[in-house]
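See below for the structure under consideration.
The values are calculated or read from the model by the stated rules, or taken from the named source; none is laboratory data. All of these numbers come straight from a predicted model, not from anything done at the bench. Note that each Cβ is placed from the backbone with ideal geometry, even for glycine, and that neighbours are counted across all protein chains shown.
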Amino acid sequence: MTHRALIQAATQTLIDHADELTQLDRAIGDGDHGLNMRRGAQAIQARLDELADVSLNEALRAMGMTCMSSIGGSSGPVFGTFLVTLGKELPAQPGPADLARAVDLGVKALTRLGKAEVGQKTLLDVLDPVRRVLETGGADLVARVRECALASATATAQIEATRGRASFLGERALGHVDPGSRSMALIIGAICDTL
């Protein structure tokens with residue numbers, strides 16, 4: 001399995017779900033999340049040959065920088081910072097414990113960046129539960145990570161938003177899935193399906 005296949009799967013799922021992500025963002029944001037994520041995914045796909053020829057760590061850092069330069073709004077710095085952190089922290093051949101540690105450091109970097117915390121209806125509400133599953137290791141880990149990511153994104157509908165644009169809606173944001181959380185779950189799901 002090459003990282004090229006993982007990058008292709010992750011970016012294509014964002015492109016394929018751009019309309020869904022836009023609809024989610026129209027309900028509680030400014031309605032451009034899907035378009036922004038598609039733009040970033042297409043920018044990464046345009047560099048796929050180049051990314052396939054470098055190490056996973058270099059590819060993650062390059063994708064992070066591409067996100068920062070091509071994705072509008074807060075999503076560019078958020079997804080970019082997370083990818084750059086993974087690129088810095090993962091060993092060349094990561095195992096589940098390495099992934100858990102890198103995700104934890106990514107969550108901490110995003111907390112510093114956006115002053116958000118777990119439980120505030122952000123993509124941290126997907127990343128932190130996924131980190132905990134990775135820490136457990138064991139049988140069927142890939143399937144459990146996939147299920148955790150998708151279920152955690154869905155569960156953001158029951159969290160009151162206290163950070164980001166959705167926080168302006170107060171209780172009216174309840175019942176709506178956080179678009180960034182859904183994007184992160186789609187990426188993780190696509191990676192798991194490709195492994």
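Structure above, values below:
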quantity: Residue tally, condition surrounded by 16 or more Cβ atoms within 10 Å (Cβ to Cβ) and either within 13 Å of the chain's Cα centre (by Cα) or on the phi > 0 side of the Ramachandran plot (or both), over segment 114-128; calculated: 8
quantity: Matching residues, segment 72-95, being touching a residue at least 40 places away in the same chain (Cβ under 8 Å) and of a type in the set (S, T, N, Q); calculated: 74, 75
quantity: Every residue from segment 122-141 that is closer than 11 Å to residue 96 by Cα and of a type in the set (D, E, K, R); calculated: 131, 132, 135
quantity: Residue list for segment 4-58, filter: of a type outside the set (Lys, Arg) and not in a helix (DSSP H, G or I); calculated: 17, 29, 30, 31, 32, 46, 53, 54, 55
quantity: Count of segment 25-64 residues which are surrounded by fewer than 15 Cβ atoms within 10 Å (Cβ to Cβ) and of a type in the set (A, V, I, L, M, F, W, C); calculated: 4
quantity: Identity of the residue in segment 118-141, among the hydrophobic types (A, V, I, L, M, F, W, C) and assigned to a loop (DSSP other than H, G, I, E, B), that ends up nearest to residue 95 (Cα to Cα); calculated: 139
quantity: Subset tally (residues that are at pLDDT 90 or above and either touching a Gly at 6+ places or on another chain (Cβ under 9 Å) or in a helix (DSSP H, G or I) (or both)) for segment 153-195; calculated: 23
quantity: Residues that are in contact with a helix residue (DSSP H, G or I) (Cβ under 7 Å, 6 or more places away or on another chain) and over 20 Å from residue 188 (Cβ atoms), drawn from segment 23-41; calculated: 28, 29, 30, 31, 32, 35, 39
quantity: Identity of the residue in segment 74-112, buried (at least 16 other Cβ atoms within 10 Å of the Cβ) and assigned to a loop (DSSP other than H, G, I, E, B), that ends up farthest from the chain's Cα centre (by Cα); calculated: 94
